[in-house]
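The values are calculated or read from the model by the stated rules, or taken from the named source; none is laboratory data. Small disclaimer: the values here were computed from a predicted structure and weren't measured. Methodologically, a virtual Cβ is constructed for each residue, glycine included, from the backbone with ideal geometry; neighbour enumeration extends over all protein chains shown. Ligands, DNA and RNA are excluded from the accessible area calculation, which covers all protein heavy atoms including side chains. Shrake-Rupley method; radii C 1.70, N 1.55, O 1.52, S 1.80 Å.
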Amino acid sequence: MTVDGRTKRRTDTRQKLFEAAVELIAEQGFSATTVDDIALRAKVAKGTVYYNFASKTALFEELLRHGIGLLTDEFRAAVAGKPAREAVAALVHAQLDYIRRYRAFAQLLLSEMWRTNREWQQTLILLREQAIGVIAETVQAGVDSGDLPADLDVRVASSALFGVGLVVAVDWLVFSPERPIDDVEASLLAIVRRVG
């Protein structure tokens, strides 16, 4: 097997572990989830989990890195080359679409952001900053170009956009999952535009 083949296989295995662990932790909590449970759900040997991660805590911290990293990458791809207002709409769509695909991770992220006593809290803060940083760059570009109000507090607006998108998406998927994503996106953008 080539190096590229091994890298792809390891990436695929980590993705399976990510999805299995996120689902289990969202269902039953971090403390109740065992490495055996994760291995069983991912359909891999327990040793595979430990080969990829030193401990359950290390696995969870890596889950946060992986999940928020995916979201940050999707944010960057969504805004590439777009003018500010179009980029803000693209961010909203990217976040809603991401959360629809990774619903359990979004629920987990939302609950973990409220907990301040976890070993991975500092990691979560740094990762959240990366995702919000992409939003802030977009909002700042809008302020600089005059597409967004000059007196807009970029930091607060970016955090608000991230938080509102997260909460609205989780609310949509838990309470109104039959509602089309385009409808949710349009409603969220209408609020954002009225405030901006």
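Structural remarks
- When the range 24-59 is limited to residues that are crowded, with 20+ Cβ neighbours inside 10 Å and under 19 Å from Ile99 (Cβ atoms), the one that is modelled with the highest pLDDT turns out to be Leu24.
- Arg65 open to solvent by 30 Å² or more (accessible area, probe 1.4 Å), at pLDDT 90 or above and not acidic (Asp, Glu): no
- Leu148 vs. criteria assigned to a helix (DSSP H, G or I), crowded, with 19+ Cβ neighbours inside 10 Å and touching a Gly at 6+ places or on another chain (Cβ under 8 Å): no
- Verdict on Gly142 being within 19 Å of Glu129 (Cβ to Cβ), surrounded by 17 or more Cβ atoms within 10 Å (Cβ to Cβ) and not β-branched (Val, Ile, Thr): no
- Every residue from the range 22-56 that is closer than 15 Å to Phe105 by Cβ and charged (D, E, K, R): Glu23, Glu27, Arg41
- Members of the range 173-186 that are open to solvent by less than 40 Å² (accessible area, probe 1.4 Å) and modelled with pLDDT of 90 or more: Ser176, Ile181, Val184, Glu185
- Leu189 being out of contact with any Gly (no Cβ under 7 Å at 6 or more places or on another chain) and surrounded by fewer than 20 Cβ atoms within 10 Å (Cβ to Cβ): yes
- When residues in the range 81-136 are screened for being open to solvent by 90 Å² or more (accessible area, probe 1.4 Å) and either at pLDDT 95 or above or aromatic (Phe, Trp, Tyr) (or both), 1 of them pass.
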